[in-house]
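Scroll down for the structure; my scribbles are underneath it.
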Amino acid sequence: MPNALKLLQNKFSDCIRETNCHLGDTSAVVNKKAVHDILEFLRDDADLNFDLLVDLTCVDYGEGEPRFEIVYLLHSFKTKARIFIKAQVSEPDPQVQTVSDLWHIADWYEREVWDLFGVSFKGHPDLRRLLMYEEFQGHPLRKDYSIDKRQPLVTAEGTNNSQITPTLEQSQQAMEEYVSEENGLSVRHMFLNMGPSHPAMHGVVKIVLELDGEKVVGSDVGIGYLHRAFEKHAENISYTGVFPYTDRLNYVSPIINNVGYALAVEKLLGIEVTERCKYIRVIMSEISRIADHLTCIGAMAMELGAMTPFLYFMQAREAMYQLIEEVTGARITVSYVRVGGVKADLPAGFESRVHDQLKKVRAELKQVHRLLSRNRIFVDRVQGIGAISTADAISYSFTGPMLRACGVDYDVRKTFPYSNYDRIDFDVPVGENGDILDRYLVRMEEIEQSCRIIEQAFEKIPVGNVMVDFTGKEIPAEKMADLGKFGQTEGLLLQVAVTDPTLLGAGESEHAEVRHADKRVSLPAKEKTYASIEGLINHFMLIMDGHGICPPKGEAYFPVEGANGELGFYIVSDGSDKAYRVRCRPPCFAFVAGFSKMIEGCQLADIIPAFGSINMIAGELDR
Amino acid sequence: MGLRSLFGGDNVVTTKLDEAIGWARKYSLFPYPFVTACCGMEYMSVSASHYDLDRFGAAFPRFSPRQADMLMCVGTVSQKIAPVLRRVYDQMCEPKYVIAFGVCTCTGGFYDNYATVQGIDTILPVDVYIPGCPPRPETVIQGLMLLQEKIQKQKHEY
């Protein structure tokens, strides 16, 4: 039994209802009254030191008793251990003690749970809706709320809570009323709405600012303008059907989302993909990461008035998109990864084209380094601005480049290696000051590291089984399908279908290389589907409603290093072909939650680069 | 070639006033990019140098609705943002055009759920629908050209 559980058992023996070590995840179900004390103990104990609240979410067990389960996931930088703490809450009036006094991020996590599940948190300072709008009735992620139950649109005239923008009279009145005393002088603060449609708010977010002159005194960040019910959709569709929705979480680097979700389902199923497939996932993830960082830095520079780096980086990103398109058939929303593998193998000659394109990326990187890194105008705008202390960053549950810029050497690829990242040699750049300049430099260096990873992955990737012996001749896949449909299957198994990997998926020859052999998850090669009854049955069993991929009952959390930080998928399976609950732990949620802290005391104009540097992706933020 | 040969030697060209205004208007569109979601990535691509929307006279984004005449609604519109979009549209001056960029703005796409508006034409009039999830830059350019065609053929108020 892990150390943490032992200590917990000793100290809180009467509050621990159940402990579990399932699929490598340590968890404890605790009495809801003790949850605050237990979490405080876990955070402050010198040996355990679980200082990062990775995630806080809720599962609704519908008819079950108790109905709700609040799940806390903690991580310790010191011991690299993780623990799940679960508290069960029953109806009516589901309520649990807040932990927002222990971690800053819990404030927003709890607001989200209140919004989507209607579980309230005792002692929470400001329990408002977070993702939905105030007029919304009910709690959409509850099992009894149907996915297509729409509510009437709130019109601009009908709204009463200054949802859009306060009228001139309202804001003037607020300003008249709000007079504070500072040093014997009465100071009148100004309230200003930034967003939701603002040129520098790429993505939709609203910031209500309280200004003293041009200095930001306080702010309230409003999100949820792109809430598209990802988690609800994931409960209502087959496991494979979720992939297109994951593409649209972080739409700048969709393949990483694909990989994260696939790995979580694979963890539930207990399967491991082939070596070649692992490296393909690494290569495609890193290409996406490059595209993501290029977009982030380009857009940030553009918002500061430096248009040239944006154009250069868009050009480099175009090179990445061409590579992605060549492999997946789509530029952005790719749905490339499958449970148990990837859709198809890499196209012939891909490696050399990747090397060519990486050369282009490196050239653009060099150019932008010259343009920005020592540029006085740029550095003056970003150095020491929007900084956040390491302690605050951890309390806000920062991960990824934002946390590394604060000097914490935490990268999921190193701490919990997946897909053979442990066999690849790469550095994790860290900053010192946690300001915008450091974030910029960390991202620039990560682009270079991603290039290195891709090159090494190509050196290590096992050669695909592209040359196989066959006696039949090659025929187009469509023709093979036609023959199969008319029952002319004689000799068909011996033939090789010519498939276009981007459109038709994997043919027989490369199928074994990129797809797991497990028939519970992998569609058979097209040749088998059309030419043999076993293949056909296998295909239908996976496609038919109610029969698809059915992981065993249980739950699993799998983190991957997204471009923004730790991207985790927490999946609860009830053994059917649809997930019972899918929770996505979005990395940039933490950054936006901590944004108020970041801009406190800054100038109004500093908000623009600060916001650019956190790389908020609304799809992932609001889900 | 060019204008000189087009207008001939005598420097006079006769046309309908409507057509002349349409010709002028279609090449001076000022877009207001109402970017919410994934389609924004393709909006970036299409406006950067590789695909270069500037060639069609419509690349200079104006972020004040009062200065813009083409509302490009890029990405999913949720129930929460819908009133904002409507207000942006109302603040634009006539003549104004709306492009629904991406399938979410056309029909709601595969986000058939409680949070998503099922097509922005439920809240404001749309001139051109560009399908795709997200549409390729080429599709966007075609959509823009269709709008230009529409403006050219339109009866203008002046």
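Values in this text are rule-based calculations from the coordinates and carry no lab data. For clarity, every value in this text was computed on a predicted model and none was experimentally measured. In this analysis, Cβ positions are derived from the backbone assuming ideal geometry, glycine residues included, and neighbour counts consider all displayed protein chains.
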Note down the magnitude of the dipole of segment B:18-158 about its Cα centre, charges +1 on Lys and Arg C-beta and -1 on Asp and Glu C-beta and zero elsewhere, to the nearest 20 debye.
-> 240
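For residue A:463 and residue A:425, what is the calculated FRET efficiency with R₀ set at 30 Å and r taken between the beta-carbons, to the nearest 0.05? Intermediate results must be reported in sequence, preceding the final value.
On the way: r = 21 Å, r/R0 = 0.71.
So the FRET efficiency works out to roughly 0.90.
As a check on your grasp of the helix formula, calculate [θ] at 222 nm for chain A: sum -39500 (n - 2.57) over DSSP H runs of n ≥ 4, divide by the residue count, round to the nearest 500. Show your work: numbers first, answer last.
Values: 24 runs with 247 residues, N = 623.
Helix-only estimate at 222 nm: -11500 deg cm²/dmol.
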Restricting segment B:88-157 to GluC sites (Glu not before Pro) in coil, as DSSP defines it, with at most 16 other Cβ within 10 Å = B:157
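Shielding by partners for A:308-321, please: the mean number of other protein chain Cβ atoms within 10 Å of each residue's Cβ.
On the way: counts 0, 0, 4, 4, 2, 2, 7, 3, 0, 5, 6, 1, 0, 5.
Average per residue, whole number: 3.
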Relative to the longest principal axis of the C-alpha atoms of chain B, give the angle of the C-alpha long axis of helix B:82-91, reported between 0 and 90° and rounded to the nearest 10°.
-> 20
Amide H proximity to residue A:17 below 5 Å, modelled H, separation 5+ or other chain, gives A:29, A:30, A:31
³J(HN,Hα) computed for each position of segment A:124-129 - Karplus, 6.51 cos²θ - 1.76 cosθ + 1.60, integer Hz, glycine/proline x | 5, x, 7, 7, 10, 5
Give the distance, in whole Å, between the Cα centre of segment B:47-103 and the Cα centre of segment A:342-417.
-> 31
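I need to check one value: relative contact order of segment A:2-122, counting alpha carbon pairs closer than 8 Å and at least 6 residues apart, in percent. Each step should come with its number before you reach the end.
On the way: 218 pairs, mean separation 26.1, N = 121.
In percent, rounded to a whole number, it is 22.
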In order over segment A:371-386: 3J(HN,Hα) from phi, Karplus 6.51/-1.76/1.60, θ = phi - 60°, whole Hz, x for each Gly or Pro, gives 6, 10, 4, 10, 6, 4, 5, 5, 4, 4, 6, 10, 6, x, 9, x
Dipole of the protein assembly as shown (Lys/Arg Cβ +1, Asp/Glu Cβ -1, origin at the Cα centre): which of A:607, B:63, B:20 lies farthest to the positive side?
-> B:20
Phi-based couplings in Hz for segment A:565-572 (Karplus 6.51, -1.76, 1.60; Gly and Pro marked x) | x, 5, 10, x, 10, 10, 10, 10
For segment A:2-122, what class follows from the C-alpha gyration tensor (a ≥ b ≥ c being the square roots of its eigenvalues): rounded when a/c is under 1.5, otherwise prolate if a/b is larger than b/c, else oblate?
-> prolate
Which residues' amide hydrogens lie under 5 Å from the amide hydrogen of residue B:98, considering only partners 5 or more residues apart or on another chain, with H built in the peptide plane?
-> B:71, B:127, B:128
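Size of the dipole of segment A:330-464 about the Cα centre, Lys and Arg at +1 and Asp and Glu at -1 on the beta carbon, nothing else charged, in debye to 20? Can you show the working numbers first?
Numbers: 20 positive and 19 negative charges, 110 e Å.
So the magnitude is around 520 debye.
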Please average, across the residues of B:40-52, the number of beta carbons from any other chain that are within 10 Å of each residue's own beta carbon, and give a whole number.
-> 6
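Taking 0.36 nm per residue of separation and subtracting the Cα-Cα distance, what length does fully extending residue A:3 through residue A:134 add? Please report the intermediate quantities before stating the final value.
Numbers: separation 131, 0.36 × 131 = 47.16 nm, distance 4.41 nm.
Separation in residues times 0.36 nm, less the Cα-Cα distance, equals 42.8 nm.
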Write out the trypsin sites (Lys or Arg not before Pro) in segment A:323-386 meeting two conditions: DSSP loop, and at most 13 other Cβ atoms within 10 Å of their Cβ.
-> A:374
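Would you tell me the mean number of C-beta atoms belonging to other protein chains that fall within 10 Å of each C-beta in A:195-204, as a whole number?
Values: counts 1, 7, 12, 1, 7, 1, 1, 4, 5, 12.
That average works out to 5.
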Tilt, helix B:17-26 to longest principal axis of chain B (alpha-carbon atoms), in degrees rounded to tens, equals 50
Sorted by chain and number, the residues with a modelled amide H under 5 Å from that of residue B:30, at a separation of 5 or more or across chains, are B:69, B:70
Of the residues A:88, A:26, A:64, the Cα lying farthest along the dipole of segment A:2-122 towards its positive end, which is defined by charges on the beta carbon of Lys, Arg, Asp and Glu, belongs to A:26
Given the peptides A:316-327, A:11-22, A:605-616, arrange them by the average over their residues of other C-beta atoms within 10 Å, most packed first.
-> A:605-616, A:316-327, A:11-22
Close lysine pairs (segment A:11-164; alpha-carbon distance under 28 Å; 8 or more apart or on separate chains) counted at 20
Roughly what % antiparallel, to the nearest 5, for the DSSP beta bridges in the protein assembly as shown?
-> 70
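What size of dipole, in debye to the nearest 20, comes out for the protein assembly as shown about its Cα centre when the only charges are +1 on Lys and Arg C-beta atoms and -1 on Asp and Glu C-beta atoms? Numbers along the way, then the final one.
On the way: 81 positive and 104 negative charges, 228 e Å.
Here the size comes out at about 1100 debye.
Looking at segment A:2-122 only, what percent of DSSP beta bridges run antiparallel? Nearest 5 please. The partial results should precede the final answer.
Values: 22 of 29 bridges.
Just about 75 percent of them are antiparallel.
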Are there GluC sites (Glu not before Pro) in segment A:200-302 that DSSP marks as loop and that have at most 16 other Cβ atoms within 10 Å, and which are they?
-> A:214, A:272
With the charge dipole of the protein assembly as shown built from beta-carbon charges (+1 for Lys and Arg, -1 for Asp and Glu) about the Cα centre, the Cα from A:139, A:118, A:558 projecting farthest to the positive end belongs to A:558
Specify the angular offset, from 0 to 90 degrees and rounded to the nearest 10, of the alpha carbon long axis of helix B:137-153 from the longest principal axis of the alpha carbons in chain B.
-> 50
How do A:400-409, A:77-86 rank on mean C-beta neighbours within 10 Å, highest first?
-> A:400-409, A:77-86
Per GNM of chain B with C-alpha springs under 10 angstrom, the most fluctuating residue out of B:124, B:29, B:53 is B:124
